[in-house]
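Trainee: Dropping the structure in here first, questions after.
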Amino acid sequence: MKIVMIILGTMTLFLSGCHEKTIGCLITENAEYEPNTLTIPRELDPVADAKRIKNQAPWVSYAMQGYEGTQQIMFSVESVTSTAGEEEATKFMEELKIRGGGGALEYPLVHKAGPGTYTVSVRLTNPGYSQVVENAFTFIIE
């Protein structure tokens, strides 16, 4: 009986070692943008926004913070919802870019989306994992 238990124990060890395990991790439960809202005026002030107008500088959020994971973490826009409707949300999403390293969101100075509130969900992906941070950032176009 003792030999049977040893053989069964050894077989269990060998068989459990054959399962593929995903290496690394991705933790997004504390992921957020701080601040998480950016207001974009419909009309720019020629004095206050002179440099932005001259350089055609886009509107840019800070990088996302509070996430952890095995590198290389890629960011992508998962979805956009809007108080202005689905058509405006689609226009907004087509023009929205996300910068690599920290997931900073970038929206062009000259854009097609109309006034409204646009809420963006962001997907983080690394080798073996992919998670969405829902309603991560809000753009308000006045």
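The values are calculated or read from the model by the stated rules, or taken from the named source; none is laboratory data. As the structure is a prediction and not an experimental result, all values here were calculated from the model. As a convention, Cβ positions derive from the backbone with ideal geometry for all residues, glycine included, and neighbour counts pool all protein chains shown. The accessibility values were calculated without ligands, DNA or RNA, using every heavy atom of the protein model including side chains. Shrake-Rupley method; radii C 1.70, N 1.55, O 1.52, S 1.80 Å.
Trainee: Anything in the stretch 83-130 that is touching a Lys or Arg at 6+ places or on another chain (Cβ under 9 Å), crowded, with 17+ Cβ neighbours inside 10 Å and part of a strand (DSSP E or B)? List them, or say none.
Mentor: 105, 107
Trainee: Looking at 26, 44, 38, which is the one that is at pLDDT below 95 and surrounded by 10 or more Cβ atoms within 10 Å (Cβ to Cβ)?
Mentor: 44
Trainee: Under 7 Å between Cβ atoms, which residue pairs at least 6 apart in sequence (or on different chains) link something in the stretch 31-54 that is farther than 18 Å from residue 140 by Cα and assigned to a loop (DSSP other than H, G, I, E, B) with a partner that is of a type in the set (Ser, Thr, Tyr) and open to solvent by less than 70 Å² (accessible area, probe 1.4 Å)?
Mentor: 31/67
Trainee: Moving to a separate point now. State whether one or more residues within the stretch 61-72 are within 26 Å of residue 43 (Cα to Cα), in a strand (DSSP E or B) and open to solvent by less than 40 Å² (accessible area, probe 1.4 Å).
Mentor: Taking every residue of the stretch 61-72 in turn, none turns out to be within 26 Å of residue 43 (Cα to Cα), in a strand (DSSP E or B) and open to solvent by less than 40 Å² (accessible area, probe 1.4 Å).
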